[in-house]
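Structure first, then comments.
The values are calculated or read from the model by the stated rules, or taken from the named source; none is laboratory data. Keep in mind that this is a model prediction, so the values were computed, not measured. So basically every Cβ, Gly included, is an ideal-geometry build from the backbone, and we count neighbours across all protein chains shown.
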Amino acid sequence: MKAAYSLVAQVLRHPETAVLLGLAEWDLLIRQARHADLLARIYAMLDEQGLIDSIPAKPRAHLESADTVVKRHAQAIRREVHCLRKALATIDLPVILLKGAAYLMADLPPARGRIFSDVDILVPKGHLNQVEAALRLHGWASSHHDAYDQRYYRIWMHELPPMMHLKRQSVLDVHHNILPESARVHPDPRKLIEAAVPAGEDQSVKVLAPVDMVLHSATHLFHEGELEHGLRDLADMDSLLRYFGESPSFWSALMSRAQELELTRPLFYALRYANLVLGTPIPESATINQTVVRPHWSLVAVMDALYGRALAPVHPSCSDWLTGTARWLLYVRAHWLRMSPWLLVHHLFHKAFLSPKHS
Amino acid sequence: MNVSALTPSELRSRLKEAGIFLQIGAFVIHVKTSIRSVAEGIGLLYADYPLAEDVGFADFHVRLISPGNLRRWFRPQVLFSFDGRIPFKPLPLDQAFPMLEWGMNWCVSGHAHQYLILHAAVMEKQGGSVIMPAPPGAGKSTLCAALVNREWRLLSDELALIDKADNALVPLCRPVSLKNESIHVIRKFEPDAVLGREVRDTMKGTVAHMKPPAESVAQRHVTARPAWIVFPKYQPGAPTRLEPQPKARAFMHMVESAFNYSLLGPQGFQMMANLVDACDCYEFTYSNLDEAVAVFADLKLPAP
C-alpha cells in the first residue's frame, strides 16, 4: 500500500526507529507529518518512549512547537466542555462528546498529540430544539445564515449547522446521529446514547462506549469525502484499537455491535487499512469474522488502490500520478453513500446556481 | 560558501532547479523560484548569507511561483507556496520579492513556538540589547535602520525571538523593510546604505528592503541579553523625548505585540514577566534621526 511506505507511516509503526534517521530523512518526516497534522503525535510517541532527547535539535524544535500548540488547545477544549456542561445542565441533558473532545476528556491515547478544530456532541433528536435554545442562551449562535443551508442540514444531515460561540469563537457541532438521514445505512442513535459512559468522575460528561467509539471513528473515516486528514484519523483508529483491544471481550463485542448497527462495512475497511498501513494488531478471531463480511475481491482491490493513495499524507513526496484521481473518486463515493443520486443532483444544482455566492 | 560567491546567472539557475538553502539566524530556509526579481533581490540583499547546502535539513521549504494560466500574459501574478500549500492570495508579479520576505515572517511567527515571538525590532550594542515593539506606522523600522547604520548590531527588524531556556534574544537578522517616506529618509541619513528595488502599490504602500550590515549577518548565532524596551513613536516636528514607562503598562503593551503569548500559557506569562523585569522601559517620541541615535547611544545598562 502506497500510504504504508510514507516515512511518517513507518515512524508511526515503529517510533523507536526515529532515532536512527539522518537529518535529510528528518527533513522529509517533518514535512510529511506537518501536512498530515501528525507532528505533535510523533512528539507524544517519542516522549512516551523516552526518546525525545535523542532527536537532533533542529527537527526536535518543530516537534516541540507542535506540542506547545496541542497542549494549549487541550486546555481550551477542557474549558469549552465545562461551559457546554453548564449550558446543557439547564435542560437536564448530559454532554455526550464525540471524536477529538471525547478522546481528550476520557484521557484516551489518541488525545495525545491530537489537534481538532471543533467540539462535537451527540444529543437525542427529540431534544434538538431545546438543546439549540439552551446553547443560544449561553452564547452559541448558528454560523450558516443561508435558508437553503439551514434546511439542508435540518432535513438531510445528521447534525445542525455548525454553531460558534460569540465570545470565544469556538465551533460546536451538534449531532443527533453519526450518519446523515439521507445515507444508505441507518445506525440507531438511541442505542449509542443509551450505551454512553461517563468520561471521568463527572457523570454529566459522557463519551460513547468503547465499541461504539471505534465504530463511529470507522464510520466517520470511511464515509468522509475529504481525506486530507485521513492518515491522522487512521492513527486515531490505530491507537483506540491497541488500547481497547487489550481487553479479551472487546473484539467479539465489536463484531456483534457492528452487525447490530449496520456498520460492518466501514469496520471492515478500518481494520484492514489500520492493519496494512499502521500495523495495528488484529486478533485471529476478528480476522475470521472479517472474512464473512468481506466484500467481493475485485471491490477490495479497487478500494486498496484508492485508499492506499488517499490515506497517504497530502505531500508531493507521497503522491503518484493516480493520487489525484483516487482522492476525487473517494470524494464522489462519499457523496454517493451520503445521499441518493436524485438528492445529490438537486443539492449540487442548488449550490451551483441558486445559493448566494460568498466572496 | 556565501550567496555572494555565485554569479547572478549561477544564482538564478540554482534557484530555478534545486533551490538554495539560506542560513538565516537559527533557521535554514529552502527557497526555490524561477522569478528573476526574487533572484536579484536575494543576490543583492542576502549576499553575505551562507548557503547551508550540506546540512540536508531545512526548517521551511518555500517557493514563489507564477501561476501558469492566462495570468502569464495578463497582469502576471505570484504565489507563495509553503511546501506545496498556498497560504495567501496571489499578488502582482512585481511584488514577488516582498512576498518572499512577508512569507518568511509568516513561516517563523506561525510555526516556531519553541520561542516567545514578539512583533518587534531588536538591536544590540556592547552587550545590551533594545527591544522595540510598535504598531505599523510608529517608525520602528526607520529607527532600526538608522541605528544599525550607527554601530548597533541588527538582530531583527520584525520578529523578536526569545529563548524559553534562558530568556536570551535569538537573532533573525534579515533585510530591514522600509516603507514609503522612510525609504527616502534612510537614503538621506546614510547614503552608503544598500537598498533593494522600490516596489510600488503593495498593501503597505511603496516598500524597499535595506541590506543588513555584514557584521550583523556574521554574528547570526550570537544571542543577546535584553536590557531596554523602547516603544517608539514618530511624530513630525516633535522634540526628541525619552520617558520612563511603568513596568505594568510596558508588560501589557508587550502582550499586545506578541504573536504566541497566549499559546505559551503560564510559561508565556513567566517569560514576559522576566523579560520586563530585566529591562528598563521607555516611551520614545522622535522626529529627528540624528538626535534619536544620540539618545540611544546614551542608554545605560540597567542595574542588575
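Let me confirm something: among A:81, A:70, A:119, A:95, which residue is in contact with an Asp or Glu (Cβ under 7 Å, 6 or more places away or on another chain) and buried (at least 17 other Cβ atoms within 10 Å of the Cβ)? Reasoning before the result, please.
Values: A:81 fails: in contact with an Asp or Glu (Cβ under 7 Å, 6 or more places away or on another chain); A:70 fails: in contact with an Asp or Glu (Cβ under 7 Å, 6 or more places away or on another chain); A:95 fails: in contact with an Asp or Glu (Cβ under 7 Å, 6 or more places away or on another chain).
Only one candidate passes the filter, namely A:119.
Find the strands (runs of 3 or more DSSP E) located wholly in the stretch A:102-192 whose residues include 1 or more that are charged (D, E, K, R) and modelled with pLDDT of 80 or more, and list them.
On the way: elements: A:118-122, A:140-142, A:163-165, A:171-175.
In the stretch A:102-192, the matching strands (runs of 3 or more DSSP E) lie at A:118-122, A:171-175.
Name every residue in the stretch B:13-60 that is part of a strand (DSSP E or B), touching a residue at least 40 places away in the same chain (Cβ under 8 Å) and within 13 Å of another protein chain (Cβ to nearest Cβ), in order of residue number. I'd like the intermediate steps shown before the answer.
So in the stretch B:13-60, the residues part of a strand (DSSP E or B) come out as B:20-24, B:27-33, B:50-51, B:60.
Adding the requirement that they be touching a residue at least 40 places away in the same chain (Cβ under 8 Å) leaves B:23-24, B:27, B:29, B:31, B:33, B:50-51, B:60.
Across the stretch B:13-60, the qualifying residues are B:23, B:27, B:29, B:60.
Considering only residues that are within 14 Å of another protein chain (Cβ to nearest Cβ) and in a loop (DSSP other than H, G, I, E, B), look in the stretch B:61-84 and name the one that is farthest from the chain's Cα centre (by Cα). Reasoning before the result, please.
First pass over the stretch B:61-84, keeping only residues within 14 Å of another protein chain (Cβ to nearest Cβ): B:61-63, B:65, B:81-84.
Still in the list and also in a loop (DSSP other than H, G, I, E, B): B:83-84.
Values: B:83: 22, B:84: 24 Å.
Applying the filter and picking the extreme gives B:84.
Starting from residues that are assigned to a loop (DSSP other than H, G, I, E, B) and buried (at least 22 other Cβ atoms within 10 Å of the Cβ), keep the ones in the stretch B:171-195 and report whichever is farthest from the chain's Cα centre (by Cα).
From the stretch B:171-195, those assigned to a loop (DSSP other than H, G, I, E, B) are B:171-175, B:180, B:190-194; that's our starting set.
Add one more test, that the residue is buried (at least 22 other Cβ atoms within 10 Å of the Cβ), and what stays is B:171-175.
Working: B:171: 10, B:172: 7, B:173: 6, B:174: 5, B:175: 6 Å.
Filtering the stretch B:171-195 for residues that are assigned to a loop (DSSP other than H, G, I, E, B) and buried (at least 22 other Cβ atoms within 10 Å of the Cβ), the one farthest from the chain's Cα centre (by Cα) comes out as B:171.
Given the residues B:160, B:238, B:227, which is the only one that is crowded, with 23+ Cβ neighbours inside 10 Å and either more than 16 Å from the chain's Cα centre (by Cα) or not in a loop (DSSP other than H, G, I, E, B) (or both)? Break it down stepwise before answering.
Working: B:238 fails: crowded, with 23+ Cβ neighbours inside 10 Å; B:227 fails: crowded, with 23+ Cβ neighbours inside 10 Å.
After applying the criteria, what remains is B:160.
Of all residues in the stretch B:239-261, which are within 14 Å of another protein chain (Cβ to nearest Cβ) and hydrophobic (A, V, I, L, M, F, W, C)? Show your work before the answer.
Taking the stretch B:239-261 and keeping what is within 14 Å of another protein chain (Cβ to nearest Cβ), we get B:258-261.
Selection gives B:258, B:259.
Consider only pairs whose beta carbons are under 7 Å apart and that are at least six residues apart or on different chains; among these, list those whose first residue lies in the stretch B:93-122 and is more than 14 Å from every other protein chain (Cβ to nearest Cβ) and whose second residue is of a type in the set (S, T, N, Q) and in a strand (DSSP E or B).
Correct list of pairs: B:93/B:77; B:95/B:202; B:98/B:202; B:101/B:177; B:121/B:156; B:122/B:129; B:122/B:156.
Mind checking which residues of the stretch A:41-65 are within 11 Å of chain B (Cβ to nearest Cβ) and crowded, with 23+ Cβ neighbours inside 10 Å?
Filtering the stretch A:41-65 for residues within 11 Å of chain B (Cβ to nearest Cβ) gives A:56-65.
Within the stretch A:41-65, A:62, A:63 qualify.
Among the residues of the stretch B:262-271, how many are within 11 Å of chain A (Cβ to nearest Cβ) and either assigned to a helix (DSSP H, G or I) or within 19 Å of residue B:140 (Cβ to Cβ) (or both)? Lay out the reasoning, then the answer.
As a first pass, look at the stretch B:262-271 and keep what is within 11 Å of chain A (Cβ to nearest Cβ): B:262-268.
Next, from what is left, pick out any that are either assigned to a helix (DSSP H, G or I) or within 19 Å of residue B:140 (Cβ to Cβ) (or both): B:265-268.
The number of residues fulfilling the criteria is 4.
Each row is one residue, and each column tells you yes or no for (1) buried (at least 16 other Cβ atoms within 10 Å of the Cβ); (2) in contact with a strand residue (DSSP E or B) (Cβ under 9 Å, 6 or more places away or on another chain); (3) free of Cβ contacts under 8 Å to residues at least 60 places away in the same chain.
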| site | (1), (2), (3) |
| --- | --- |
| A:186 | no, no, no |
| A:191 | no, no, no |
| A:199 | yes, yes, no |
| A:206 | yes, yes, no |
| A:212 | yes, no, yes |
| A:230 | yes, no, no |
| A:244 | yes, no, yes |
| A:251 | yes, no, yes |
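Inspect all residues belonging to the stretch B:85-92 and state whether any of them is buried (at least 21 other Cβ atoms within 10 Å of the Cβ) and touching a Phe, Trp or Tyr at 6+ places or on another chain (Cβ under 8 Å). Can you show your working first?
Filtering the stretch B:85-92 down to residues buried (at least 21 other Cβ atoms within 10 Å of the Cβ) leaves none.
So far as the stretch B:85-92 goes, no, none of its residues is buried (at least 21 other Cβ atoms within 10 Å of the Cβ) and touching a Phe, Trp or Tyr at 6+ places or on another chain (Cβ under 8 Å).
Report yes if residue A:305 is modelled with pLDDT of 80 or more, within 24 Å of residue A:229 (Cβ to Cβ), part of a helix (DSSP H, G or I) and more than 14 Å from chain B (Cβ to nearest Cβ), otherwise no. Quick ask: steps written out before the conclusion?
On the way: modelled with pLDDT of 80 or more: yes; within 24 Å of residue A:229 (Cβ to Cβ): yes; part of a helix (DSSP H, G or I): yes; more than 14 Å from chain B (Cβ to nearest Cβ): yes.
Judged against the criteria, residue A:305 is a match.
Checking residue A:37 against (1) surrounded by 18 or more Cβ atoms within 10 Å (Cβ to Cβ); (2) farther than 17 Å from residue A:315 by Cβ; (3) within 13 Å of another protein chain (Cβ to nearest Cβ), only one condition comes out false. Which one?
Just one mismatch for residue A:37, condition (2).
Mind checking whether some residue in the stretch A:81-100 is within 14 Å of another protein chain (Cβ to nearest Cβ), of a type in the set (D, E, K, R) and assigned to a helix (DSSP H, G or I)? Please lay out each step first, then the result.
First, pick out the residues of the stretch A:81-100 that are within 14 Å of another protein chain (Cβ to nearest Cβ): none.
No, that holds for no residue.
Looking only at the stretch A:224-236, decide whether some residue is of a type outside the set (Val, Ile, Thr) and at positive phi. So that I can check it myself, show each step before the final result.
Going through the stretch A:224-236, the residues of a type outside the set (Val, Ile, Thr) turn out to be A:224-236.
This time we only want the ones that are at positive phi, so: none.
Scanning the stretch A:224-236 turns up no residue that is of a type outside the set (Val, Ile, Thr) and at positive phi.
Scan the stretch A:159-184 residue by residue and report those that are in contact with a strand residue (DSSP E or B) (Cβ under 7 Å, 6 or more places away or on another chain) and aliphatic (A, V, I, L, M).
Answer for the stretch A:159-184, where residues must be in contact with a strand residue (DSSP E or B) (Cβ under 7 Å, 6 or more places away or on another chain) and aliphatic (A, V, I, L, M): A:160, A:163, A:164, A:166, A:171, A:172, A:174.
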